[in-house]
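One structure is given here, and the rest of the page talks about it.
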């Protein structure tokens with residue numbers, strides 16, 4: 001960890017060469033060096049900051065940092081908002097959407113945040129970010145080693161008394177490869193996760209995909225996350241946002257029963273087996289809501305639209321979901337794999353007789369000639 | 001395969017296709033997949049040599065076959081430019097293609113992500129997705145890296161971002177002249 005922090009410092013120093021007058025950054029880097037030299041003192045410094053508040057009070061006074069959040073509870077929107085402090089959320093990808101989502105969740109009082117990103121966080125990005133680079137996991141989750149680290153960190157017990165692992169994973173990555181990896185990890189762990197993404201369409205890119213748009217996406221993602229964690233409102237399986245037209249398509253995401261991923265198929269099976277229990281719970285909830293209907297509006301309306309996918313335990317392999325008609329305005333990014341009726345030449349379907357070492361030797365021989 | 005040149009299309013047809021859908025975490029299935037990868041690489045290298053277009057060397061960098069390293073080269077104006085290459089096999093392979101890296105070119109071209117990962121054409125990923133799991137490392141080299149080099153190296157050389165290693169060794173001689181075509 002220390003070595004990583006030192007490397008990050010070195011990078012930031014190089015970046016600072018472009019801005020020799022940036023005294024604020026110099027000060028911050030000085031603090032980082034001091035922290036590295038003396039971890040105990042740094043911890044003491046941190047402790048001198050506002051001490052943790054034991055219980056969330058809904059008292060509306062200036063000194064209560066939670067008064068506005070607890071308003072949701074007072075208005076009957078959320079039961080027991082304080083539970084938010086019990087939850088931990090992992091955010092994969094701390095770019096435009098992820099960083100805003102992380103800040104929002106922090107301001108909502110989330111218990112624990114795990115942050116992952118492959119790109120090192122540079123000083124150049126720090127105007128958007130409120131945490132220090134060494135406080136996030138910096139790793140490439142798509143490699144074998146990175147993936148194992150990712151899985152282990154999701155499963156690990158936190159320092160809190162009760163929690164094991166995380167309650168929700170939010171994917172805010174910007175590439176297909178990383179999305180597939182988060183999908184794989186959550187399938188294997190039976191972990192609920194939500195996906196988000198922004199894409200730019202054709203001719204007027206820069207106007208519509210700036211920071212403001214990412215903020216909208218992040219806001220909807222976090223809202224969906226809070227609805228899921230605190231169990232209020234309706235969690236959308238899929239919500240799209242076309243910002244040029246202010247158009248919000250929704251649809252059901254179904255898992256692909258022919259999914260090639262065995263973990264996915266296993267989760268689908270478990271999901272189907274749990275269906276009777278789910279239906280009963282849903283029925284009970286509807287009956288409870290019907291009887292409470294006289295008490296006024298249940299939840300606030302949400303006017304925003306964000307591209308949010310909600311995957312439960314039966315996580316979909318979303319690119320390959322069974323051929324449902326897509327709502328207007330949505331297109332598939334990648335084609336499905338062709339299924340060949342008969343094996344195409346020159347594949348031989350029998351196992352290769354040569355063993356691995358022999359093949360390696362052959363390639364090596366070719367390489368040397 | 002629209003959008004690909006005839007040379008590439010004819011060569012790729014001679015690379016054996018793979019059948020096993022396994023990634024580096026899949027134990028014995030991955031070993032079988034590796035055999036298919038080697039077979040394809042051996043065939044592709046042989047075809048290249050036969051066509052006098054030998055352009056890369058590659059070998060597994062770890063015993064699991066999850067990381068690969070090697071060299072590739074491109075001839076521009078009769079001079080050969082060499083680049084080390086490396087990549088990890090991603091966990092979601094083969095559904096996800098490997099991201100080939102040319103670390104010595106990092107920062108020299110916009111067609112590259114941080115760390116030297118080459119940015120492939122809009123044709124490549126859909127083609128890979130459509131043909132999964134039949135494409136392997138050899139296909140990634142043939143359909144990904146080779147066209148990238150063909151598109152980018154001439155620009156890099158002509159603009160001076162990349163110098164031939166002979167020119168680097170003797171900068172005083174090369175000053176004032178772009179890498180000239182050897183006669």
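The values are calculated or read from the model by the stated rules, or taken from the named source; none is laboratory data. The structure displayed is predicted, hence computed values, not measured ones. Here the Cβ positions follow ideal geometry from the backbone for every residue, glycine too, while neighbour counts run over all protein chains shown.
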Revision key, fill the gap. By residue number, the members of the range A:200-228 that are surrounded by fewer than 14 Cβ atoms within 10 Å (Cβ to Cβ) and either modelled with pLDDT of 75 or more or in a helix (DSSP H, G or I) (or both) are A:205, A:206, A:207, A:211, A:212
Review point. Would a scan of the range B:45-52 turn up a residue that is surrounded by fewer than 20 Cβ atoms within 10 Å (Cβ to Cβ) and closer than 27 Å to residue B:167 by Cα?
Key: yes
Practice item. Within the range A:261-303, count every residue that is in a loop (DSSP other than H, G, I, E, B) and at pLDDT 70 or above. Key: 2
Point to revise | Qualifying residues in the range B:63-81 (those that are surrounded by fewer than 19 Cβ atoms within 10 Å (Cβ to Cβ) and touching a strand residue (DSSP E or B) at 6+ places or on another chain (Cβ under 7 Å)) - the one farthest from the other protein chains (Cβ to nearest Cβ) | key: B:80
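Would you call residue B:115 closer than 27 Å to residue A:175 by Cα and at pLDDT 90 or above?
No; evaluated as a whole, the condition is false for this residue.
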Check your understanding: Any residue at all in the range B:99-108 that is facing chain A (nearest Cβ under 10 Å) and modelled with pLDDT under 95?
Key -> yes
Check your understanding: Which of the residues that make up the range B:16-61 are in a loop (DSSP other than H, G, I, E, B), facing chain A (nearest Cβ under 7 Å) and closer than 30 Å to residue B:81 by Cβ?
Key -> B:16
Exercise for review: Please give the number of the condition residue B:8 fails out of (1) out of contact with any helix residue (DSSP H, G or I) (no Cβ under 9 Å at 6 or more places or on another chain); (2) away from chain A (no Cβ under 12 Å); (3) under 18 Å from residue B:128 (Cα atoms).
Suggested key: (1)
Study note, to complete from the structure: All-but-one check, residue B:91 against (1) crowded, with 20+ Cβ neighbours inside 10 Å; (2) modelled with pLDDT of 95 or more; (3) under 24 Å from residue A:149 (Cβ atoms), failing number (2)
Revision key, fill the gap. Those residues of the range A:180-199 which are within 14 Å of another protein chain (Cβ to nearest Cβ) and either under 13 Å from the mean Cα position of the chain (by Cα) or surrounded by fewer than 24 Cβ atoms within 10 Å (Cβ to Cβ) (or both) amount to A:180, A:181, A:182, A:183, A:185, A:186, A:188, A:189, A:199
Study note, to complete from the structure: Checked B:127, B:141, B:149 against criteria (part of a helix (DSSP H, G or I), within 14 Å of chain A (Cβ to nearest Cβ) and farther than 27 Å from residue A:182 by Cβ); the one match is B:141
